[in-house]
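Working notes for the structure below.
The values are calculated or read from the model by the stated rules, or taken from the named source; none is laboratory data. What you see is a predicted model; the values in this text were computed from it and never measured. Neighbour counts run over all protein chains shown; Cβ positions are idealised from the backbone, glycine included.
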Amino acid sequence: MRFTTEQAVAWIKRANERIQENREYLTELDQAIGDGDHGINLARGFREAVTALDRGGLDDIGAVFNQTGMTLLSKVGGASGPLYGTAFIKMGGALKGRREIAFSDLAQAIDAAVEGIGMRGKAQPGDKTMLDLWEPFAGFIRGCEHGVDLKAFRDMCENELERIKQLQARRGRASFLGNRSIGHHDPGAVSSWYLFDTLCAILSESGGHDGDDH
């Protein structure tokens, strides 16, 4: 399986559509345990990222991801801007100058993003942050060299989101709630799910499978 510059652009555009559709829901989640602006900020940032991509001139996957990260870093407020921005910038650095990559290269880029998120947010797995979904997603992608099983992916994410929901927040504004944060979805984990679901759908269309034959 290969991943191309055109697919990278398509991913950002499709992720933007998903986030725009769920902007209010993400905001509602954030109102429960955060600043209440996650959906609004992220929707604005991804809309700007697509506008930047539409200007063209980006000839490789690394440039697409780096441009997206820089846009999110500058346009998204709160904690999510630096975290999402860092993730894409790290992926861009790992794939600099690459117009087409093997699946293993994509997995390594996502690993770099996970490391960047942890360092930028000073978070660890179990802190109830977006990192708690990015880390298992990185592991999932590493095991998918022969194609993406969308059903297996979505089952994994459903289980992980429920696990994260039951954690007590230890980073960000949600940590001020103490054990009252238990039982609430982390907005960053949910928006990451939208991001990963769109990526896996694109990968499946290009050579994976949807799991319906299982």
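Quick check: is even one residue across segment 97-104 in contact (Cβ under 8 Å) with a residue 60 or more places away in the chain and out of contact with any helix residue (DSSP H, G or I) (no Cβ under 9 Å at 6 or more places or on another chain)?
Within segment 97-104 (the criterion being in contact (Cβ under 8 Å) with a residue 60 or more places away in the chain and out of contact with any helix residue (DSSP H, G or I) (no Cβ under 9 Å at 6 or more places or on another chain)), the answer is yes, since at least one residue qualifies.
Could you run through segment 159-183 and say how many residues are over 20 Å from ILE117 (Cβ atoms) and modelled with pLDDT under 90?
8
Just checking, does segment 151-165 include any residue being touching a Ser or Thr at 6+ places or on another chain (Cβ under 8 Å) and in contact (Cβ under 8 Å) with a residue 12 or more places away in the chain?
no
Considering only segment 193-211, I want to know if a residue exists there that is at pLDDT below 90, among the β-branched types (Val, Ile, Thr) and either assigned to a helix (DSSP H, G or I) or under 21 Å from LYS13 (Cα atoms) (or both).
So far as segment 193-211 goes, no, none of its residues is at pLDDT below 90, among the β-branched types (Val, Ile, Thr) and either assigned to a helix (DSSP H, G or I) or under 21 Å from LYS13 (Cα atoms) (or both).
Within segment 101-118, how many residues are closer than 13 Å to ILE61 by Cβ and of a type in the set (Ser, Thr, Tyr)?
So the count comes out to 0.
Of the numbered conditions (1) in contact with a Ser or Thr (Cβ under 7 Å, 6 or more places away or on another chain); (2) modelled with pLDDT of 95 or more, GLY36 satisfies every one except a single condition; which is it?
With (1) in contact with a Ser or Thr (Cβ under 7 Å, 6 or more places away or on another chain); (2) modelled with pLDDT of 95 or more applied to GLY36, the lone miss is (2).
Scan segment 91-112 and tell me whether some residue there is in contact with a Cys (Cβ under 7 Å, 6 or more places away or on another chain), within 29 Å of GLY147 (Cβ to Cβ) and assigned to a helix (DSSP H, G or I).
The answer is yes, given that some residue of segment 91-112 is in contact with a Cys (Cβ under 7 Å, 6 or more places away or on another chain), within 29 Å of GLY147 (Cβ to Cβ) and assigned to a helix (DSSP H, G or I).
Name the residues in segment 54-82 that are over 21 Å from ARG171 (Cβ atoms), within 19 Å of the chain's Cα centre (by Cα) and modelled with pLDDT under 95, would you?
SER74, LYS75
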